[in-house]
1. So which residues in region 78-107 are of a type in the set (Val, Ile, Thr) and in a helix (DSSP H, G or I), if there are any at all?
2. Tell me the residue from Ser132, Ser93, Ser77 that is at pLDDT 95 or above and open to solvent by less than 20 Å² (accessible area, probe 1.4 Å), please.
3. Which residues, taken from region 189-221, are in contact with a Pro (Cβ under 8 Å, 6 or more places away or on another chain), more than 16 Å from Ile83 (Cβ to Cβ) and either open to solvent by 10 Å² or more (accessible area, probe 1.4 Å) or at pLDDT below 95 (or both)?
4. So, in region 96-129, how many residues would count as being in contact with a helix residue (DSSP H, G or I) (Cβ under 6 Å, 6 or more places away or on another chain), under 14 Å from Leu9 (Cα atoms) and open to solvent by 20 Å² or more (accessible area, probe 1.4 Å)?
5. Can you tell me which residues in region 151-176 are out of contact with any Ser or Thr (no Cβ under 9 Å at 6 or more places or on another chain) and either among the polar types (S, T, N, Q) or open to solvent by 20 Å² or more (accessible area, probe 1.4 Å) (or both)?
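The values are calculated or read from the model by the stated rules, or taken from the named source; none is laboratory data. None of the values given here were measured: they were computed from a predicted structure. Cβ placement follows ideal geometry from the backbone for every residue including glycine, while neighbour counts extend to all protein chains displayed. Heavy atoms of the whole protein, side chains included, go into the accessibility calculation; ligands, DNA and RNA do not. Shrake-Rupley method; radii C 1.70, N 1.55, O 1.52, S 1.80 Å.
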Amino acid sequence: MTTLLNAPLAPLLDRLFADAEATTAALRSTVMQMPEHERAAMMASKTDYRALYASMKDAHLAVSRQTAALLYMLARSTAARSIVEFGTSFGISTLHLAAALRDNGGGRLITSEFEPSKVAHAGANFAAGGLSDLIELREGDALETLARDLPDQIDLVLLDGAKGLYPAVLDLLEPRLRPGALILADNADWSPDYLARVRSPKRGYLSTPFAEDVELSMRLG
């Protein structure tokens, strides 16, 4: 049985995607009306991210349906058992990754979210989807929560939190990435330092843009 396509997860995800579309439409419109240089500075900030994301605590900020499906397929096809996610939000991407772990026979997914209300919502969604046993939800700043107690080997990483922190989070995880590990970064265009790093084979990565706003990278060794 494919966990992703059956109850209780499938109807839960349909509801969450519908909620996400409703809550993020107005936010997206507001952000896009800002001058481009202000928008870029805000999204790439390495210091003001707490206030920024606290102001968006009611928005799902979810990956697209296509990206979510890709996450499931990547985790399944690589037989991932150890996954780390930066930026849980309401847990749509987390549920896709955990479904892959379930269908792979088990594993551990560590995910980090600093907004308490989103932690509560995500936890409830994990329970409703029947996947709580595979997910370790860490509340707090990812620069602290992902700096400890990591698996010896990480198979797959999703970066979908504050864009300016992508390089710093990668610093924390990189020593544990197995050769061939995959890193998917959502909205990576807002983190030029991150893109410069993963697009350089000299830094140990092979990387390519996917769709409009995703960067898919592989750790070479």
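1. Here is the first cut: in region 78-107, the ones of a type in the set (Val, Ile, Thr) are 78, 83-84, 88, 92, 94.
Hits for region 78-107 are Ile92, Thr94.
2. On the way: Ser132 fails: open to solvent by less than 20 Å² (accessible area, probe 1.4 Å); Ser77 fails: open to solvent by less than 20 Å² (accessible area, probe 1.4 Å).
The unique qualifying residue is Ser93.
3. Ser191, Asp193, Arg197, Leu220, Gly221
4. From region 96-129, those in contact with a helix residue (DSSP H, G or I) (Cβ under 6 Å, 6 or more places away or on another chain) are 96-103, 107, 109, 111-113, 126, 128-129; that's our starting set.
Filter once more, so that each one left must be under 14 Å from Leu9 (Cα atoms): 96-103, 126, 128-129.
Filter once more, keeping what is open to solvent by 20 Å² or more (accessible area, probe 1.4 Å): 102-103, 128.
Within region 96-129, residues that are in contact with a helix residue (DSSP H, G or I) (Cβ under 6 Å, 6 or more places away or on another chain), under 14 Å from Leu9 (Cα atoms) and open to solvent by 20 Å² or more (accessible area, probe 1.4 Å) number 3.
5. Once the filter is applied, which keeps residues that are out of contact with any Ser or Thr (no Cβ under 9 Å at 6 or more places or on another chain) and either among the polar types (S, T, N, Q) or open to solvent by 20 Å² or more (accessible area, probe 1.4 Å) (or both), region 151-176 yields Ala168, Asp171, Leu172, Glu174, Pro175.
A quick yes/no check of all residues on (1) assigned to a loop (DSSP other than H, G, I, E, B); (2) more than 21 Å from Tyr205 (Cβ to Cβ):
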{"site": "Leu109", "(1), (2)": "no, yes"}
{"site": "Ser117", "(1), (2)": "no, yes"}
{"site": "Ala127", "(1), (2)": "no, yes"}
{"site": "Asp133", "(1), (2)": "no, yes"}
{"site": "Glu136", "(1), (2)": "no, yes"}
{"site": "Asp149", "(1), (2)": "yes, yes"}
{"site": "Leu158", "(1), (2)": "no, no"}
{"site": "Gly161", "(1), (2)": "yes, no"}
{"site": "Gly164", "(1), (2)": "no, no"}
